[in-house]
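Comments concern the structure below.
The values are calculated or read from the model by the stated rules, or taken from the named source; none is laboratory data. Please read these numbers as outputs of a predicted model, since none were measured by experiment. A quick note on method: Cβ atoms are made from the backbone with ideal geometry, for glycine too, and the neighbour counts reach across all protein chains shown. Just so you know, the surface numbers come from the protein's heavy atoms only, side chains and all, with ligands and any DNA or RNA stripped out. Shrake-Rupley method; radii C 1.70, N 1.55, O 1.52, S 1.80 Å.
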Amino acid sequence: MTRLRAGRRTNLALLAVLTTAFVTGLVAMSGSGTGSAVVTALHGAAGLALLLLVPWKSVVVRRRLRRGPARVDALLLAVTVVISLVAGLVHSAAGPVAVGEVSALDVHVGAAVVAVVVAALHVVRRPQPFRRVDLSRRTALRALALVGGSALAYGVVEGSTRALDLPGASRRSTGSYEVGSGDPRRMPITQWFLDDVPRIDVDSYVLAVVASGEVMARIPYADLVRQSTASVEAVLDCTGGWWSRQQWTGVRLDRLLPGPEVPGRSVKVVSATGFHRRLPRTAAASALLATSVGDAPLSPGHGAPVRLVVPGRRGFWWVKWVDRVEVSGAPGWWQPPLPLR
């Protein structure tokens, strides 16, 4: 009975740590402001906690193997967790390592998503609910030891990275590495998932401003360029693992919207590809529809003819190839935290 209980508690601890790692990973991807360093630290510590649980889990696995072959889902979960951990450590210490078009960060995130799906299926098939006996003083002390050990391990890894002057010592609090600041030509070209770079003719381009279901204005590209008098130096921090500080020039988003007499709680910025993000209407004053970066017009890969610039938000908020802005009655948070396409 004691062995079964210990094995079940190990599995519960693994589930709790996996959940923590996944949730903090999502938050780290979606945020870039104050507090991102704390979230990134929690994410890293959760990953290292998985390593600390390996000795206990190995006992459970050996016991299970004595009764028969291991389940395929259990093996897949173990493999994907190991791959995600190794790839995450490589990215955080060695820099933006990549093989072809696939980076260590891509592998880390992809393996983590697969691991979470497999873990969820495993829990559904073999549920292990909490019991009163799991809340003993000994369990609490072990949990505290795991938290303290993972925090210590994270501190050792981070300290070693800095002491050895590894590339990871220079990464941003979000985990991103600097590329091409001040030189837009060196800034990477990335887009969300399956979006391709569209080729838009600037001579025929028109930005549509929509409110209450009606088109309130159609603004040609030449007019947007003439109105592009606002400039801001802002960091584009991409979830692909890089960041770049550039000078962006364009039109303040709020100046293109109808006045307060037209109701609306949010502004939906839509790309020519269908990609979109929704901002609170109050945030429009700090957002920019950029027509140029540095001293030159935007290139197609960087969002030409017009892209959204939202200082303080991750790169997936910076909608490229904007062809429509919509004033909406929906709240600004009414959307998935990460785009689904």
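Key figures
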item: Matching residues in the stretch 158-187 - criterion: being touching a helix residue (DSSP H, G or I) at 6+ places or on another chain (Cβ under 7 Å) and assigned to a helix (DSSP H, G or I); result: T161, R162, P167, G168, A169, P184
item: Test: residue in the stretch 226-235 that is surrounded by 17 or more Cβ atoms within 10 Å (Cβ to Cβ), touching a helix residue (DSSP H, G or I) at 6+ places or on another chain (Cβ under 9 Å) and not hydroxyl-bearing (S, T, Y); result: no
item: When residues of the stretch 177-209 are limited to those that are small (G, A, S) and out of contact with any Ser or Thr (no Cβ under 8 Å at 6 or more places or on another chain), the one most open to solvent (accessible area, probe 1.4 Å); result: S204
item: Test: G47 is open to solvent by less than 40 Å² (accessible area, probe 1.4 Å) and modelled with pLDDT of 90 or more; result: yes
item: Any chance A285 is open to solvent by 10 Å² or more (accessible area, probe 1.4 Å), in a loop (DSSP other than H, G, I, E, B) and touching a residue at least 12 places away in the same chain (Cβ under 8 Å); result: no
item: Filtered residues of the stretch 318-328 (kept if surrounded by fewer than 22 Cβ atoms within 10 Å (Cβ to Cβ) and not acidic (D, E)); result: R324, V327, S328
item: Which listed residue, of V325, V293, V306, is out of contact with any Gly (no Cβ under 8 Å at 6 or more places or on another chain) and under 13 Å from R252 (Cα atoms); result: V325
item: Qualifying residue in the stretch 158-174 (condition: closer than 21 Å to T24 by Cα, of a type in the set (S, T, N, Q) and crowded, with 16+ Cβ neighbours inside 10 Å); result: yes
item: Count of the stretch 259-279 residues which are touching a His at 6+ places or on another chain (Cβ under 6 Å) and of a type in the set (G, A, S); result: 0
item: Residue in the stretch 103-114 that is hydroxyl-bearing (S, T, Y) and surrounded by 15 or more Cβ atoms within 10 Å (Cβ to Cβ) present; result: yes
item: Leading residue by the ranking (nearest to A93 (Cα to Cα)) among those in the stretch 50-68 that are modelled with pLDDT of 85 or more and open to solvent by less than 50 Å² (accessible area, probe 1.4 Å); result: L50
item: Count - residues of the stretch 251-260 that are aliphatic (A, V, I, L, M), open to solvent by 20 Å² or more (accessible area, probe 1.4 Å) and in contact with a Ser or Thr (Cβ under 9 Å, 6 or more places away or on another chain); result: 0
item: Selection count where residues are open to solvent by 20 Å² or more (accessible area, probe 1.4 Å) and either touching a strand residue (DSSP E or B) at 6+ places or on another chain (Cβ under 7 Å) or part of a loop (DSSP other than H, G, I, E, B) (or both), scope the stretch 263-282; result: 11
item: Hits in the stretch 311-341 (condition: in a strand (DSSP E or B) and of a type in the set (D, E, K, R)); result: R314, D323, R324, E326
item: Residue match in the stretch 239-250 (condition: open to solvent by 30 Å² or more (accessible area, probe 1.4 Å), within 27 Å of S173 (Cβ to Cβ), at pLDDT below 95 and out of contact with any Lys or Arg (no Cβ under 7 Å at 6 or more places or on another chain)); result: yes
item: Candidates W242, W192, W248 - the one that is within 17 Å of P297 (Cα to Cα) and of a type in the set (F, W, Y); result: W248
